[in-house]
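See below for the structure under consideration.
The values are calculated or read from the model by the stated rules, or taken from the named source; none is laboratory data. The structure displayed is predicted, hence computed values, not measured ones. Because the Cβ atoms are built from the backbone with ideal geometry, glycine has one as well, and the counts that use them run over all protein chains shown.
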Amino acid sequence: MLPVTALYAAPLGLLFILLSLRVIRARRTHRIALGTANRALERAARAQGNCAEYAPLGLLLLALCEANGLPAYALHPLGAALLAGRALHAIGISREPEDYRFRVAGMALTFTMIGLACAALPVLALTGP
């Protein structure tokens, strides 16, 4: 079981559903079935797409760290950074005019989480239980 990963996977999944619903709403509002020929739709689609691009990798790395014995006190900051990073990025990219502070902070948290998990995994693998 991976209880820490599950704790962060659930809200990330809900965030993805929320972002997907925003894309659907924008498509209906602007009557655009395919593509992103509207600025609001483009923002909604990229917020959703960016979440789809980074959240799975972050969750996979978190799960691998957990499965390889990283203690909960180290897993929770990684999970929190991923969740906060994805939420902040979605807020930043969704706004018009865009607030780059949220977008940059979101990517910084996401990249930090991914980098720290990537650094921890070889150590965990080599020192194993």
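Among the residues of the stretch 1-51, write down those that are of a type in the set (D, E, K, R) and either under 26 Å from LEU78 (Cα atoms) or part of a helix (DSSP H, G or I) (or both).
Answer for the stretch 1-51, where residues must be of a type in the set (D, E, K, R) and either under 26 Å from LEU78 (Cα atoms) or part of a helix (DSSP H, G or I) (or both): ARG22, ARG25, ARG27, ARG28, ARG39, GLU42, ARG43, ARG46.
Does at least one position in the stretch 56-74 carry a residue that is of a type in the set (Gly, Ala, Ser), in contact with a Pro (Cβ under 6 Å, 6 or more places away or on another chain), farther than 17 Å from GLY115 by Cα and at pLDDT 95 or above?
Within the stretch 56-74 (the criterion being of a type in the set (Gly, Ala, Ser), in contact with a Pro (Cβ under 6 Å, 6 or more places away or on another chain), farther than 17 Å from GLY115 by Cα and at pLDDT 95 or above), the answer is yes, since at least one residue qualifies.
Condition test on THR29, is it at pLDDT below 95, among the polar types (S, T, N, Q) and surrounded by 14 or more Cβ atoms within 10 Å (Cβ to Cβ)? Break it down into steps so the answer makes sense when it comes.
On the way: at pLDDT below 95: yes; among the polar types (S, T, N, Q): yes; surrounded by 14 or more Cβ atoms within 10 Å (Cβ to Cβ): no.
Here the answer is no, as THR29 does not meet what is asked.
Which residues, counting only those in the stretch 74-107, are touching a residue at least 60 places away in the same chain (Cβ under 8 Å) and among the aliphatic types (A, V, I, L, M)?
Within the stretch 74-107, the subset touching a residue at least 60 places away in the same chain (Cβ under 8 Å) is 75-76, 79-80, 82-83, 86-87, 90, 94.
Answer for the stretch 74-107, where residues must be touching a residue at least 60 places away in the same chain (Cβ under 8 Å) and among the aliphatic types (A, V, I, L, M): LEU75, ALA80, LEU82, LEU83, ALA87, ALA90.
Looking at (1) more than 20 Å from LEU14 (Cα to Cα); (2) out of contact with any Asp or Glu (no Cβ under 7 Å at 6 or more places or on another chain); (3) without any contact (Cβ under 8 Å) to a residue 40 or more places away in the chain; (4) surrounded by 13 or more Cβ atoms within 10 Å (Cβ to Cβ), which is the one condition that is false for THR36?
With (1) more than 20 Å from LEU14 (Cα to Cα); (2) out of contact with any Asp or Glu (no Cβ under 7 Å at 6 or more places or on another chain); (3) without any contact (Cβ under 8 Å) to a residue 40 or more places away in the chain; (4) surrounded by 13 or more Cβ atoms within 10 Å (Cβ to Cβ) applied to THR36, the lone miss is (2).
Looking at this structure, is GLY85 assigned to a helix (DSSP H, G or I) and more than 19 Å from ALA6 (Cβ to Cβ)?
On the way: assigned to a helix (DSSP H, G or I): yes; more than 19 Å from ALA6 (Cβ to Cβ): no.
Against the criterion (assigned to a helix (DSSP H, G or I) and more than 19 Å from ALA6 (Cβ to Cβ)), GLY85 does not qualify.
Which of (1) at pLDDT 95 or above; (2) at positive phi is the odd one out, the single condition GLY35 does not satisfy?
Answer for GLY35: the failing condition is (1).
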